[in-house]
1. Can you list residues whose amide H is under 5 Å from L63's amide H, if they're 5+ apart or on another chain and H is modeled 1.01 Å from N?
2. Measuring from label point to label point, each 7 Å out along Cα→Cβ, what is the R56 to R83 span in nm?
Amino acid sequence: MQTNTTSTDRPRAWSVRPAVGFLHPLEVLKDQELDPAEKREILAAWASDASAVEHRPSQRWLLGTPGPVPLSEVLSALSRLDRDTFA
């Protein structure tokens, strides 16, 4: 398990609960403590088929989030991250 630290030296175990505290993919983009690679890791896990809601393939529910969100919103956040990172 990979552990990352933040500016307050709190360890974060991304591979266990990568989205704890995030209600929506755009909140991942706004988190100032995450670098682009960490944001991509969280959003990619959220977009993954492993996070698909049974019988609702257009919804994703990532461990640590309170409920499902549309896959289109996760992909939009990933696209925005790419634009911001490579602009």
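1. Sorted by chain and number, the residues that satisfy this come to none at all.
2. Spacing of the two 7 Å Cα→Cβ label points: 2.7 nm.
Just so you know, all these numbers are worked out from the coordinates, no wet-lab data involved. Worth saying up front: this structure is predicted, and the values here are computed from it rather than measured. When we count neighbours, we look across all protein chains shown, and the Cβ atoms used for this are built from the backbone with ideal geometry, even at glycine.
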